[in-house]
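Everything below concerns the one structure shown next.
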Amino acid sequence: MKPQNLIALLLFIAGAVWALTRSEQSVRSIQKTVYSAISPFITGGSGLETTATEFIKEVEHSQAWETKYDLAKEELDKKRIEVAYLRKLEIENAQLNQALKFQQEAPFHVLAAKIIRRQPSTWWQTVTINRGEKQGVGVQLTVLSPEGLVGKVDAPSEETSTVILLTDENCQVSAKVDGTPEVGILSGQRGQTGDKPNLRLRFLSKDATIKPGMLVFTTGRGGLFPADILLGTIESFESGPLYGEALVKPAVDFAALKIVFVKTPNSPESPR
Amino acid sequence: MIKYTLSVILLTLAACMVQQFMPAISGLHGARVLILPLVFLCATVSVNFATMLLLAFICGFLWDAQHALSPQGGDPEVYTNPVESLRFGYSIILYAMMGLLMQGIQPLFRKGKWHISSLLAGIAIFLYLFSEYLLINFVRGDFAFPPTAFYRIYLTSALTMLFSPLIFWIIFQLASACRHTIRYDGLKREPRYLD
């Protein structure tokens, strides 16, 4: 080996050891710096994605118009499009109303956030939201939707934050099965893909009487998530030699999720 | 040479930014085009050993800075079996291993057989993702390898490989603009003479 290659190899090993021995705090600081540098690109990417989607829709609309022109129903089509647009507005209005209602009725202080990027990494089930430390978002804060628990904040930067979803194996939640004394730990499953992945509820009693359709809520224990937030419904239950395990269908449709709410650390006595 | 090395580093940083615009395709088991690893792999075949290690460090560092997860947190009495995450910095080692693999076929690349490097880039991405998944299994225990994980690895590497001719073209353009001749300058065995 040439001397310069040997020096390069030694320097590389030193650099790798330095990186591998960083403390958790240093890693967070590094991540914050990198996220602050790339957040304009993430936001830009989200904008570009929206523009591309709108363009595709526009093209689809143009093709539909042409077909309808051939059928000589211009006026009728115009009305149809108007109605479709109004329906779209109506749906949007209903969604926003639902979100606003949730924000107003939530028994704790929540901050609305938009998902700007989905699943940026290969193996972790995460999303990026457009709220960061400037808006009061901090690490481990609960993220909700009107349907139930979404996950928790993993890495906040100044303008954006990464949220680890309930469908990730790393997001463990202390959960209880409604109507039973059963308490367990709910988490996602490793390596699963698809829009509607099921969750695993482990450490239940092996002789538990759990039936499909039963609701699963957070217990509030463990200091991460507030109590009585809907997590999902039981799909199946299997008894093992030591513990029972249930498959849970999440309450939240993660593929359709656009707006989420971050539970900010205000006192529960001052609901908004 | 320095001009070319600097431009390759800038290309890598640009790839890191472009990676932010690459969405996961839900219809393909969440597969995506991994531009940053691809640029690294294509670049390593055109640079010397020391530059390859430098690029491996930059790419691995940036990759982990974006993707490393925080510790789970919560009360250890409730969460008695915390899920371990990979340590920050592991990607630096994985990138270096991929780079070494690519440098092994540098003589072929020098002869103009870039398509072999292109194919190997796909294989290297496959091995990278596979090793990453095995590492996750190793640190978390309870080995699980569902078919969906294999599809994600396979489709991601196949999708990424499709873009390698474009990256090689950009690298050749860069080399030409910097008046740099891509030559075999990797690990060589010194000739031994018997007395």
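The values are calculated or read from the model by the stated rules, or taken from the named source; none is laboratory data. It should be emphasised that the depicted structure is a prediction, and the values quoted were computed from it without experimental measurement. Don't worry about glycine lacking a Cβ; one is built from the backbone with ideal geometry, like all the others, and counts go over all protein chains shown.
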Condition set surrounded by fewer than 17 Cβ atoms within 10 Å (Cβ to Cβ) and on the phi > 0 side of the Ramachandran plot, scope segment A:204-226, selection farthest from the other protein chains (Cβ to nearest Cβ): answer is A:G213
For the subset of segment B:117-156 comprising residues that are over 20 Å from B:L38 (Cα atoms) and touching a residue at least 24 places away in the same chain (Cβ under 8 Å), which member is surrounded by the most Cβ atoms within 10 Å (Cβ to Cβ)?
B:I136
Determine which single condition A:R22 fails, assuming it passes every other condition in (1) surrounded by 15 or more Cβ atoms within 10 Å (Cβ to Cβ); (2) without any contact (Cβ under 8 Å) to a residue 40 or more places away in the chain; (3) assigned to a helix (DSSP H, G or I).
(3)
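One residue is enough: does segment A:250-258 have a residue meeting the conditions of a type in the set (A, V, I, L, M) and at the interface with another protein chain (Cβ under 9 Å from one of its Cβ atoms)?
Yes; the residues of segment A:250-258 include at least one that is of a type in the set (A, V, I, L, M) and at the interface with another protein chain (Cβ under 9 Å from one of its Cβ atoms).
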Output the strands (runs of 3 or more DSSP E) that fall wholly within segment A:116-219 and possess 2 or more residues being under 20 Å from A:K32 (Cβ atoms), or say none.
A:126-129, A:148-156, A:161-165
Given the options A:L166, A:L247, name the one that is surrounded by 23 or more Cβ atoms within 10 Å (Cβ to Cβ) and in contact with a Phe, Trp or Tyr (Cβ under 9 Å, 6 or more places away or on another chain).
A:L166
Would you be able to say whether some residue in segment B:25-42 is over 27 Å from A:I42 (Cα atoms), free of Cβ contacts under 8 Å to residues at least 12 places away in the same chain and surrounded by fewer than 21 Cβ atoms within 10 Å (Cβ to Cβ)?
no
I want to confirm something. Restricting to segment A:69-106 and keeping residues that are exposed (fewer than 11 other Cβ atoms within 10 Å of the Cβ) and not in a helix (DSSP H, G or I), which single residue is modelled with the highest pLDDT?
A:L71
Selection within segment B:144-155 - modelled with pLDDT of 85 or more and in a loop (DSSP other than H, G, I, E, B)
B:F145, B:P146
